[in-house]
Amino acid sequence: MKRKVLATVICLMLSLTTISCSTAKNTAEPASTKKTAGTKIQLTYWSFFGGGEGTYMQTIVDNYNKSQSDIVVKNVIQAWGTPYYTKLTAAVAAGKGPDIGAAHISQLPALVESGTVYPLDKYATDIKMDWGKFNKNILSSTVYDDEHYAVPLDTHPFVMFYNKTLLKNAGLLSADGKPIMEPGVEGFEKFLSTLKSKLPAGVYPLAESNSGDDIYRLWYSLYVQQGPTTLLSEDFKKSSIDMEKAVKSADFVKSLFTKGYVQKNLADFVKTFSSGKAAITFTGGWCTPVFEGIKGLSFGACELPTLMGKAATWGDSHTIIIPVQKDEDKEKQEAAMKFASFVADSAPIWAQAGHIPASDKVVASEEFKKLPYIQDYAEAAKHVVFFSKSTTNWAMFDVIKKDLDTIWNGSKDSKTALTKMASDIDNLVK
């Protein structure tokens, strides 16, 4: 991808509903701290992790600072989402960026294209970090022009959670605590129909958002299960939607509402599931610790069922980046790379946030295998279909959600809404 000199702040980053079950605290801190002769290397790390995620990340930072005597990392928590990326690009443009940053893989194309981040291969070589330790599916999304631009920490896929008590009472829980469900769309509909007939009054088979992020993620997951791996052309300048498959996915999702499997006008589907008012829900693995914290909730987790062809699901990833500096300091950048590698190897701690580690070595470790729930959807890391390497990803998310919402609320049929979506994407990326 051609790297441009960063002259202005990227202005096409629109809001994306939080990929977290908590919010981050914004703090005003100076970006980079210069080192002084004879002292430790001081590194400023900008992250956007709040709540439980923030606690786990701070633990990792503290562990790193205790693990050696040459480098000190200061974790500065910023506001999550578009404000973070706007602030980061502006700081780098002004020559005041942090030494280390966190970034979503879906935002990496814009950061690479704008010249906000360094390629990392030379630093990886210097500290002898092996890229081979990472999941290939995740790692491939960090590569541009044959160079790695981020160290992947995880993937957080779209998965299924289920209430074991409700499934057991409906005769749909196996002896080993797994859902009893026949394959494909037909098997899933039979599963939901059985639940609908056997659940108590006021309890629904499925809790799901009626608009916005998670219902879009369900649609996207079913779309890519049919084979397409992108919504854009290879040059990212035009929509490339397989309309037949997109309509099939949308019609099925819409049927979940019309057949009464999902409660309409649901204000908080996560709360509905966690309070025992729904048998299953589809959302991100980041909700695992949320459900773990609900007293009396007996639940399980698994990969999104394969309903339309092959195993595939929506997902994004957190990564560590090294922002471009006004004056390049190889010593500090090598130190930043050492920290990034340490964070990736600390994934058993980070996985407690519900995220699947990007390191295959960590996933195979005994420490990781002791963690509950996440084991049952860890294979999803191989099946995540990441968005294309387009600089307009987050703006496109908003376009897609807006047009899909007209299907779920009944104002447009699937074909009409998806045709408009293709046109809206064209206008955005051309």
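The values are calculated or read from the model by the stated rules, or taken from the named source; none is laboratory data. All figures in this text were calculated on a predicted structure; none of them were measured in a lab. Here Cβ is always computed from backbone atoms with ideal geometry, including for glycine, and neighbour counts include all displayed protein chains. Ligands, DNA and RNA are excluded from the accessible area calculation, which covers all protein heavy atoms including side chains. Shrake-Rupley method; radii C 1.70, N 1.55, O 1.52, S 1.80 Å.
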Problem - Hey, residue 374 buried (at least 22 other Cβ atoms within 10 Å of the Cβ) and more than 30 Å from residue 362 (Cα to Cα) or not - result: no
Practice task
Would you mention how many residues in segment 245-264 are at pLDDT below 95 and under 25 Å from the mean Cα position of the chain (by Cα)?
Solution key: 0
Practice task
Considering every residue within segment 213-224, establish whether at least one is open to solvent by less than 60 Å² (accessible area, probe 1.4 Å), in a loop (DSSP other than H, G, I, E, B) and more than 18 Å from residue 276 (Cβ to Cβ).
Solution key: no
Exercise for the section: Would you mind stating whether residue 197 is modelled with pLDDT of 95 or more and within 17 Å of residue 393 (Cα to Cα)? Expected result: no
Exercise for the section: Could you list all residues from segment 52-87 that are among the small types (Gly, Ala, Ser), surrounded by 18 or more Cβ atoms within 10 Å (Cβ to Cβ) and either touching a helix residue (DSSP H, G or I) at 6+ places or on another chain (Cβ under 6 Å) or assigned to a helix (DSSP H, G or I) (or both)? Expected result: 52, 54
Handout entry: Elements of type helices (runs of 4 or more DSSP H) in segment 319-426, at least 2 residues being among the acidic types (Asp, Glu)
Key = 330-345, 366-369, 393-408
Exercise for the section: Go through segment 225-251 and give me each residue that's open to solvent by less than 20 Å² (accessible area, probe 1.4 Å) and among the hydrophobic types (A, V, I, L, M, F, W, C). Expected result: 231, 232, 246, 250
Practice task
Hey, can you tell me all the residues within segment 131-160 that are within 18 Å of the chain's Cα centre (by Cα) and of a type in the set (D, E, K, R)?
Solution key: 136, 154
Practice task
Working only within segment 269-303, note down all residues that are open to solvent by less than 20 Å² (accessible area, probe 1.4 Å) and closer than 22 Å to residue 227 by Cα.
Solution key: 282, 283, 284
Practice task
Report, by residue number, each residue of segment 275-313 that is among the charged types (D, E, K, R) and closer than 16 Å to residue 185 by Cα.
Solution key: 303, 310
Practice task
Name the one entry in 339, 368, 387 that is surrounded by 18 or more Cβ atoms within 10 Å (Cβ to Cβ) and within 16 Å of the chain's Cα centre (by Cα).
Solution key: 387
